[in-house]
Amino acid sequence: MRMRARQRLTALFLVALLSGCEQVVELGTLPFEEKLVVRAVLQADSAVEVYFTRTFSLNQTYSPEQGVIDNVDASIVNDGISYPLTYAGQVVRGRIGTGFARYTANLLVAKPNKVYELFAKWNGHQLHATTIVPDSTVIDTAFAILDSTQGYYYGNAVYNSMVAIRPSPNLAYFVQYQQLTNPYYYTFFSIGPKRTTSTGEQLIFDPTFYLPPKWEDSLQAVVYCFDHAFYDYFRTRSNSYGISSIGIFGDSPGNVIWNVEGEAIGMFIGTSVSKKKVFVP
């Protein structure tokens, strides 16, 4: 009886605590500040594209077409040369508009170890962002070994793996395991990111994963290297959800850390991609 009473008391306490956190906000009273939204990944040896949209008030009825802004005055500066960005249409995924407008820079191809600056103006708002495109990554080792102690899991073999790379300081690294012969499972496992602060030490990724039989011959490790700002963004990207890793009863979740400055939010980030076939004995 004491246990049941204690359980009822705990339940009542949780209900009271949650009720005390409830705050009713009238529609139209929430503060709103219009901002530009930027999304750009400058991949080494690829043409540069930048995507723009804008924030919306909760009072507005959103549609992807309203998010597409075709009059952003923007440019990218590299090695002292300014490359104007030109509107190239709405970004569409699977025949569905995303609300982002695509901008391209004629003749500008991202190159490793180069610094790029983004400047943009729209509707009285200005932004600035800087990134560096990292060089390719040396992958020393990429292997996977069958774990004989665990055997098979629902028909999939259990593997212990390791990808060892030679990192550069102040960059962030992300590893994906990709299987090439089956498009549905093309990317089936990811790990990272990890950030380096020094050079000369190997960076190790060593997950355990499940791999269907007969896939071993077409397995590769893909290493994504990002400008260091990606790490801060990645570790805070869930903060805006309202419930973060600190728990529902913690302090305020905090803000997402972007690398775009000014009256804007978003990421303008450089990356390089390196690949190596995974050795499976």
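The figures follow:
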item	result
Within-15-Å neighbourhood charge of M267 [Cβ basis; K, R +1; D, E -1]	-1
Cα centroid of segment 204-230 to Cα centroid of segment 26-86, whole Å	32
With every protein chain in place, segment 53-198: carbon and sulfur % of accessible area (1.4 Å)	51
Neighbour net charge for G124 - beta-carbon separation under 14 angstrom, K R +1, D E -1	-1
Per-residue ³J(HN,Hα) for segment 259-266, Karplus 6.51 cos²θ - 1.76 cosθ + 1.60, θ = phi - 60°, Hz, x for Gly and Pro	10, 8, 10, x, 8, 7, 10, x
Which of F143, F226 is most accessible, then next, and so on - probe 1.4 Å	F143, F226
Exceeding the 30 Å Cα-Cα cut-off - candidates K114/K277; K121/K276; K114/K214; K121/K194; K35/K275	K121/K276; K114/K214; K121/K194; K35/K275
For peptides 269-276, 118-125, sequence by mean Cβ density within 10 Å, most packed first	269-276, 118-125
For segment 65-130, convex hull volume per residue from C-alpha positions, Å³	104
Integer Hz, Karplus 6.51/-1.76/1.60 couplings in order for segment 70-76, x for Gly and Pro	9, 10, 6, 8, 9, 7, 10
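The values are calculated or read from the model by the stated rules, or taken from the named source; none is laboratory data. Fair warning: this is a prediction, and the values are worked out from it, not measured in the lab. Positions of Cβ are backbone-derived with ideal geometry, glycine not excepted, and every protein chain shown enters the neighbour counts. These area figures cover heavy atoms from the full protein model, side chains too; ligands, DNA and RNA do not enter into them. Shrake-Rupley method; radii C 1.70, N 1.55, O 1.52, S 1.80 Å.
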